[in-house]
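Visitor: Dropping a structure here in structure tokens format, bear with me for questions.
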Amino acid sequence: MSTLVMIFSLISALVPGALLAPAPEVPAPARQLDPSVVEGANNYLKAVLAGDVPGVAAMFQEDGIVMPPGQTLLQGRTSIEQFYREFCHGPAKITAFTFDHLDSTVAGDTAFDVGTYKLTLAVGPGAKINDSGKYNVILKRTGGDWKIAYLIFNSDMPARMPVPPKR
């Protein structure tokens, strides 16, 4: 019995210290960034900032899909071009747009780019909206060029709930 008490005493003395000890630091995995994918993303940023809607739409496959937040998916260049026309030439003016690539990888004729974005919109005299979010892009090699097959992005900002009518 005394051996059992001694074992429990030893465990009681050691376990709390082990549980409270700081966890060893694990280095973050190295980012894998394919230069051709990052270059394409930079070209997309430049075209969006310039309001080059035909240029942005041309970066998508003919049957490309965009999945913007709060909307149904858009398929095909015509729908995508209309979306970017409203986005780039609407009441808000895009004044800054950047990506932070988490992973950009090529596997044969398919590639993906995953990351976060920051976006600033001028919404009137002296007024601006700063947005940040995340994105996922799947690209396919089409005619030797990377074309966006699927793009999904989501803001980190909470969705605005409609105000219920007063009764």
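Visitor: With the crude spin-label approximation of a point 7 Å out along Cα→Cβ, what separation in nm comes out for residue 42 versus residue 167?
Guide: Result for the modelled spin labels: 5.9 nm.
Visitor: To the nearest µm²/s, what D does Stokes-Einstein give for region 35-155 at 37 °C and 0.692 mPa s, using the Kirkwood radius over alpha carbon pairs as Rh?
Guide: 224 µm²/s
Visitor: Between residue 131 and residue 109, what FRET efficiency comes out of the Förster formula 1/(1 + (r/R0)^6) with R0 = 45 Å and r the beta carbon distance, rounded to 0.05?
Guide: 0.85
Visitor: Could you tell me the ratio Rg/Rh of region 120-167? Both radii from Cα atoms, Rh via Kirkwood.
Guide: The Rg/Rh ratio comes out at 1.23.
Visitor: Tell me, in nm to one decimal, what length is gained between residue 50 and residue 98 on full extension, where the rule is 0.36 nm per residue of separation less the Cα-Cα distance?
Guide: Gain on stretching residue 50 to residue 98: 15.9 nm.
Visitor: Compare the Cα positions of 154, 70, 92 along the charge dipole of region 35-155 (+1 at Cβ of Lys, Arg; -1 at Cβ of Asp, Glu; about the Cα centre) and return the one farthest towards the positive end.
Guide: 92
Visitor: Counting other beta carbons within 10 Å of each residue's own, what order do 116, 78 fall into, fewest first?
Guide: 78, 116
Visitor: Taking amide H positions as placed 1.01 Å from N in the peptide plane, with prolines and chain starts having none, which residues 5 or more places from residue 128, or on another chain, fall under 5 Å of its amide H?
Guide: For residue 128, whose amide H was placed from the backbone, the distant partners under 5 Å are 123.
Visitor: How large is the charge dipole for region 35-155, taken about the Cα centre, if only the Cβ atoms of Lys, Arg (+1) and Asp, Glu (-1) carry charge, to the nearest 20 debye? Let's see the in-between values first.
Guide: On the way: 10 positive and 12 negative charges, 58 e Å.
That gives a dipole near 280 debye.
Visitor: Here's a follow-up. Treating cross-link reach as a plain straight distance, find the lysines whose alpha-carbon is under 29 Å from the alpha-carbon of residue 118, omitting any fewer than eight places away in the same chain.
Guide: Hits, sequence-local ones excluded: 46, 93, 128, 134, 140, 147.
Visitor: Order of 125-138, 83-96 by packing, highest average Cβ count within 10 Å first? Can you show the working numbers first?
Guide: Working: 125-138: 13.1, 83-96: 14.6.
Top of the packing list down: 83-96, 125-138.
Since every read-out is calculated from the coordinates, none of them should be taken as a lab result. Only a predicted model underlies this, so the values are computations on that prediction, with no experimental measurement involved. Note that each Cβ is placed from the backbone with ideal geometry, even for glycine, and that neighbours are counted across all protein chains shown.
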